[in-house]
1. If you go through region 132-160, how many residues are of a type in the set (A, V, I, L, M, F, W, C), open to solvent by 20 Å² or more (accessible area, probe 1.4 Å) and either without any contact (Cβ under 8 Å) to a residue 12 or more places away in the chain or closer than 13 Å to residue 184 by Cα (or both)?
2. Within region 183-195, which residues are within 21 Å of the chain's Cα centre (by Cα) and either aromatic (Phe, Trp, Tyr) or part of a helix (DSSP H, G or I) (or both)?
3. Of all the residues that make up region 131-173, how many are assigned to a loop (DSSP other than H, G, I, E, B) and within 14 Å of residue 88 (Cα to Cα)?
4. For region 23-116, list the helices (runs of 4 or more DSSP H) that sit wholly inside it and hold at least 1 residues that are at pLDDT below 85 and surrounded by 14 or more Cβ atoms within 10 Å (Cβ to Cβ); which are they?
5. Where residues in region 161-195 are surrounded by fewer than 17 Cβ atoms within 10 Å (Cβ to Cβ) and touching a residue at least 40 places away in the same chain (Cβ under 8 Å), which of them is farthest from residue 117 (Cα to Cα)?
6. Within region 226-260, can you find the residues that are surrounded by fewer than 16 Cβ atoms within 10 Å (Cβ to Cβ) and either assigned to a helix (DSSP H, G or I) or at pLDDT 80 or above (or both)?
7. Cβ-Cβ under 6 Å, sequence separation 6+ or interchain: first residue in region 69-80 and more than 18 Å from residue 246 (Cβ to Cβ), partner buried (at least 18 other Cβ atoms within 10 Å of the Cβ) and not β-branched (Val, Ile, Thr). Which pairs?
8. In the list 116, 107, which residue meets the criterion of being of a type in the set (A, V, I, L, M, F, W, C) and in contact (Cβ under 8 Å) with a residue 12 or more places away in the chain?
Amino acid sequence: MKRPSAWHLVLAPLALLFALPLLWLLLSSVMSNAEINRFPPALIPSHIDLGGYRYVLGNALFPRWFVNSMIVSAVAVTANLVLGSLGGYAFARIRFAGSKVVLGMMLATMVIPFQLTMIPTFLVMKRLGLIDTLGALIVPSLVTPLAVFLFRQFFVSLPRELEEAAVIDGCGRLRILVSIVLPLARPALSTVAVLTFLATWNDLTWPLIAINSDTNYTLQLGLTTFQGQHHTQWAAVMAGNVITVLPVLLGFLLAQKAFIRSLASTGLKG
């Protein structure tokens, strides 16, 4: 067992500091609305009140919102793993005219704020007839420049000798990617999956623009219905956020080691 170092004396308080909002969210979710609204605010609930969870789970549309979020996130993650790996491998291994220019232009789109592309994206989705459907949330997230970049950087770090041996055996590029490269790219796959899931699961701005029917709401959009102009069900909001955070937290904990390995291996090489 590795002995703790002096860095743990610094990192442990910092970890506790960053965990405080999550702890406050969890404690608030088992408080009553009156206790949450009390001033000064209560730090620890006087008793466990599950009224917020009953309110959320008793909402007939909440399971539908959860399923909608899962569908959008699952499709986006799968598409980014497939299309992002294809694009990343092409930029890493296939030399074609203007490849570096195309890569640079693609990466430049990462610094463009979503507010600038929001209206054009809406017009495109409207022309496709996808507004107020889950397709309007899925199509813009099918592949992202970040996914292509992370895969490209990881593939560049892999030795070419493995692929050259497969070429001698008569394998094509697609088979090399599927049979040899991707099994070695588990850290990159995990990282792209986690980042894509976080982005789509937590997105509120685009669903707020593209979705009108409450049956097509995602979780983030559905939770806003608990907040009214004159009255807010804070216990329900806190309980709903706890339920929303759990899949994200579980996914990150499961992929934590692979996530760290990928960040360590996807530098600015090449």
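The values are calculated or read from the model by the stated rules, or taken from the named source; none is laboratory data. Since this is a predicted model, take the numbers as computed values, not measurements. All Cβ positions, glycine included, derive from the backbone under ideal geometry; neighbour counts span all protein chains shown. Only protein heavy atoms, including side chains, enter the accessible area calculation; ligands, DNA and RNA are left aside. Shrake-Rupley method; radii C 1.70, N 1.55, O 1.52, S 1.80 Å.
1. 2
2. Within region 183-195, the subset within 21 Å of the chain's Cα centre (by Cα) is 185-195.
Result: 186, 187, 188, 189, 190, 191, 192, 193, 194, 195.
3. Kept after step one, since they are assigned to a loop (DSSP other than H, G, I, E, B), are these residues of region 131-173: 131-134, 142-144, 157-160, 169-172.
So of that shortlist, the ones also within 14 Å of residue 88 (Cα to Cα) come out as 143-144, 157-158.
Looking only at that region, the number is 4.
4. In region 23-116, the matching helices (runs of 4 or more DSSP H) lie at 33-37, 51-57.
5. Restricting to residues being surrounded by fewer than 17 Cβ atoms within 10 Å (Cβ to Cβ) and touching a residue at least 40 places away in the same chain (Cβ under 8 Å), the top hit is 173.
6. 245, 246, 248, 249, 250, 252, 253, 254, 256, 257, 260, listed by residue number.
7. 76/141; 80/147
8. On the way: 116 fails: in contact (Cβ under 8 Å) with a residue 12 or more places away in the chain.
Every option except 107 fails the conditions.
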